[in-house]
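Since the structure comes first, as structure tokens, the remarks are kept for the end.
Any read-out appearing in this document is the output of simple, stated calculations on the displayed coordinates, not a laboratory observation. None of these values were measured; they are calculated from a predicted model.
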Amino acid sequence: CLPTGLGKTFVAAVVMYNYWRWFPKGKIVFVAPTKPLVRQQIQACYDITGLPSDQTIEMTGATSQKKRKALWRKGRVFFLTPQVVTNDLLRGDCPADQVRIVRSALAPVSYEHSSRNLIIETHLIRLS
């Protein structure tokens with residue numbers, strides 16, 4: 001883990017923005033362990049890159065499963081907790097074949113756990 005102030009958030013936002021441009025039909029996923037970190041990364045992406053808010057979706061455990069299923073079809077850039085990714089993949093709600101990149105604010109062990117099902121579903125994504 002790198003210390004605060006080295007530009008990790010900036011780099012993550014720029015990488016996500018580039019994938020958003022390169023893959024117009026792809027889904028971009030950012031996983032953070034807590035709701036405040038999810039919200040912080042969304043704000044950083046808006047401030048740094050200007051990602052369109054109408055294509056950006058925040059989903060946490062507070063978002064109902066029925067609503068999440070609809071949101072997966074609607075959005076392109078997703079900011080989620082690991083539980084949401086895991087549960088939605090297991091249910092088939094997350095279109096794994098459309099995911100192009102997963103960025104994470106998780107420790108490596110948690111990151112591996114939350115991404116394992118996505119890796120199994122498709123080989124087309126990049127984890128970074």
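Amide H contacts under 5 Å for residue 94: 89, restricted to partners 5 or more places along the chain or on a different chain, H placed in the peptide plane at 1.01 Å from N. Under 5 Å between amide hydrogens, built in the peptide plane, is the criterion, and for residue 60 it picks out nothing among residues at least 5 positions away or on other chains. In summary, the lysines within cross-link reach of residue 67, defined as a Cα separation below 25 angstrom excluding same-chain residues under 8 places away, comprise 25, 27, 35.
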